[in-house]
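Participant: Here's a structure for you.
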Amino acid sequence: MKHYQQFLDSLDNDLDMVNIILSMYKEEHSDDIEKIKSYYNNKDLDGLFHVTHSLKGVISNFFEEEICDLLEQIETKSKTGDTPDETLILSACEEINKLNSDINSRINA
């Protein structure tokens with residue numbers, strides 16, 4: 001998490017709350033990369049819109065603006081019926097994967 005300290009500060013340095021939120025994120029969004037890829041590959045723009053919209057909302061709480069920007073681009077294109085470029089999908093998935101790995105290491109620390 002590039003902005004972990006900002007996230008921690010937003011929760012008044014309550015490590016228990018941080019762990020609860022990160023664990024909930026992991027539980028509820030652990031398969032979102034696969035969903036994004038599946039919706040993209042199946043040209044399901046409505047599904048792609050909904051998963052990126054939801055994920056963007058959650059990740060914005062972690063102050064991860066770069067990932068949110070990628071997700072917003074996918075969300076906007078999907079909402080208007082345009083298929084996002086594959087490089088955009090892959091970039092977003094790569095950044096989400098990095099975030100997920102970091103979250104996993106923080107939960108297990």
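The values are calculated or read from the model by the stated rules, or taken from the named source; none is laboratory data. Here the structure is a predicted model, which is why all the values come from computation and not from measurement. Heads up, the Cβs are rebuilt from the backbone with ideal geometry, glycines too, and the neighbour counts pull from every protein chain shown. We work out accessible area using only protein heavy atoms, side chains counted, and drop any ligands, DNA or RNA first. Shrake-Rupley method; radii C 1.70, N 1.55, O 1.52, S 1.80 Å.
Participant: Here is a check on your reading of the model: is ASP82 over 19 Å from GLN6 (Cβ atoms), in a loop (DSSP other than H, G, I, E, B) and not polar (S, T, N, Q)?
Facilitator: yes
Participant: Are any residues in segment 15-47 more than 19 Å from ILE103 (Cα to Cα) and either among the aromatic types (Phe, Trp, Tyr) or touching a Phe, Trp or Tyr at 6+ places or on another chain (Cβ under 9 Å) (or both), and if so, which ones?
Facilitator: TYR39, TYR40, LEU45, ASP46, GLY47
Participant: If we scan segment 78-91, do we find a residue that is open to solvent by less than 80 Å² (accessible area, probe 1.4 Å) and touching a residue at least 60 places away in the same chain (Cβ under 8 Å)?
Facilitator: Among the residues of segment 78-91, not one is open to solvent by less than 80 Å² (accessible area, probe 1.4 Å) and touching a residue at least 60 places away in the same chain (Cβ under 8 Å), which makes the answer no.
Participant: Another question, then. Looking only at residues that are hydrophobic (A, V, I, L, M, F, W, C) and part of a helix (DSSP H, G or I) in segment 58-77, which one is surrounded by the fewest Cβ atoms within 10 Å (Cβ to Cβ)?
Facilitator: Looking at residues that are hydrophobic (A, V, I, L, M, F, W, C) and part of a helix (DSSP H, G or I), I get VAL58.
Participant: Considering each residue of segment 1-36, count those that are more than 17 Å from PHE63 (Cβ to Cβ), among the charged types (D, E, K, R) and open to solvent by less than 90 Å² (accessible area, probe 1.4 Å), and give that number.
Facilitator: The qualifying residues number 4.
Participant: Something else: (1) open to solvent by less than 80 Å² (accessible area, probe 1.4 Å); (2) farther than 20 Å from HIS3 by Cα: which one isn't true of LEU55, the others all being true?
Facilitator: (2)
Participant: Taking the options ILE33, ILE96, ILE20, ILE103, name whichever one is among the β-branched types (Val, Ile, Thr) and over 14 Å from the mean Cα position of the chain (by Cα).
Facilitator: ILE20
Participant: Can I ask one more? Out of the residues in segment 92-109 that are part of a helix (DSSP H, G or I) and without any contact (Cβ under 8 Å) to a residue 40 or more places away in the chain, state the one that is least open to solvent (accessible area, probe 1.4 Å).
Facilitator: Once the filter is applied, the top-ranked residue is GLU95.
Participant: Would you confirm whether any residue within segment 1-24 is modelled with pLDDT under 95, in contact with a Lys or Arg (Cβ under 8 Å, 6 or more places away or on another chain) and under 18 Å from GLU94 (Cα atoms)?
Facilitator: yes
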